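Working notes, beginning with the structure itself.
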Amino acid sequence: MKLYDSKMAPNPRRVRIFMAEKGIDCENEQLDIVKGENLREEFLAINPRGMLPTLVLDDGTVIDETVAICRYIEETNPEPALMGTDAVNKAHVEARQRHMEWDGLLGAMDAFRNAFPGFKERGLGGSVGTVNAIPELVDRGKASLNRFYNNLDAALASQKYIAGDDFTIADITALCTIDFASGAARAPMPENLSNLKRWYQEVSDRPSAKA
Ligand SMILES: N[C@@H](CCC(=O)N[C@@H](CS)C(=O)NCC(=O)O)C(=O)O
């Protein structure tokens, strides 16, 4: 299988870390989003939405959407479980994973996308044509991230990982969000949140975090 990927972007990194945790490697093609390589005809023929990550299986099946790709990998390589164990735990991991996306990653994407000069006319990602950035969304994104950081710190006071005792996809989404927010989106994790800092150090030390 082959992963269409971009080292500069947070969503493809979620898949790389997920695969690294499972010990899986595959063919990889890097596309430069800022240069618009994801909007070229060759790639749109594979994924008309022009979004990364995109996984192509050996039989030609195309799977896009980070969580859908992770679901496929989880089903084909169940160990270690990263998306929950029994029915209740799977539902809980899914809820936490969505909290990380909605409260954190979307805010970071808004804060970055609407401030980055190269995306002035690419306010929405992918093959949607010209859409102007909205500078007001930068502050809204940062406000959302602020709540995300504080809620995470409170949750991590009484549990090791974001969905409980085990490292899961929710931790991967949160890590990629925080690194992206701290760098490109210019909304770093506050220094005074000690539970969040403890967790961040632990997950950043995992070998998969280098993926
Ligand atoms: N919901 C999608 C979002 C994917 C997404 O936003 N990908 C970004 C990179 S992080 C992208 O491909 N952007 C293309 C662009 O900005 O033109 C997923 O989870 O895979």
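The values are calculated or read from the model by the stated rules, or taken from the named source; none is laboratory data. For clarity, every value in this text was computed on a predicted model and none was experimentally measured. Note: ideal-geometry Cβ built from the backbone for every residue, glycine included; neighbour counts use all protein chains shown. When the accessible area is computed, the model is the full protein with side chains, heavy atoms only, and any ligands, DNA or RNA have been set aside. Shrake-Rupley method; radii C 1.70, N 1.55, O 1.52, S 1.80 Å.
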Lys and Arg at +1, Asp and Glu at -1: add these up for the other residues within a Cβ distance under 13 Å of R113 and post the number. +2
Listed residue pairs exceeding 22 Å between alpha carbons, taken from K35/K142; K22/K160; K2/K22: K35/K142
Dipole of the range 87-210, positive direction: furthest Cα of T168, N132, Q201, with charges on the beta-carbon: N132
Give me the accessible area per residue for the range 2-76, probe 1.4 Å, as a whole number in Å². 48
Are there GluC sites (Glu not before Pro) in the range 99-207 that DSSP puts in a loop and that have at most 16 other Cβ atoms within 10 Å, and which ones? E121, E191
For the chain, what is the relative contact order in percent, using Cα pairs closer than 8 Å and at least 6 residues apart in sequence? 22
With a Förster distance of 45 angstrom and the Cβ-Cβ distance between E136 and K2, calculated FRET efficiency to the nearest 0.05 equals 0.70
Among bridges DSSP assigns within the range 2-76, what percent are antiparallel (round to 5)? 60
Relative to the Cα centre, what is the charge dipole magnitude of the range 125-211, using +1 at the beta carbon of each Lys and Arg, -1 at the beta carbon of each Asp and Glu, and rounding to the nearest 20 debye? 140
At 1.4 Å probe size, put I178, I134, I63 in order of accessible surface, largest to smallest. I134, I63, I178
Loop-resident trypsin sites (Lys or Arg not before Pro) in the range 157-211 with no more than 14 other Cβ atoms inside 10 Å, DSSP not H/G/I/E/B, are K160, R186
Would you work out the relative contact order for the range 2-76, in percent, from Cα pairs under 8 angstrom that are 6 or more residues apart? 35
Exposure of L106 as accessible area (Å², to 10), given a probe of 1.4 Å and all protein chains: 80
State, to one decimal in nm, how far the label point of A157 lies from the label point of R98, with both points 7 Å from Cα in the Cβ direction. 2.6
According to a simple spin-label model (label point 7 Å from Cα along Cα-to-Cβ), what is the distance in nm between E121 and L57? 3.9
Of all DSSP beta bridges with both partners in the chain, the antiparallel percent, nearest 5, is 60
Go through the range 79-88 residue by residue and turn each phi into a ³J(HN,Hα) via Karplus (6.51, -1.76, 1.60, θ = phi - 60°); whole Hz please, and just put x for glycine and proline. 10, x, 5, 10, 10, x, 10, 9, 4, 5
For H92 the rounded accessible area (nearest 10 Å², probe 1.4 Å, non-protein molecules ignored) is 80
Helix-only mean residue ellipticity at 222 nm, the chain, DSSP H runs n ≥ 4 weighted -39,500 (n - 2.57), per residue, nearest 500. What is it? -14000 deg cm²/dmol
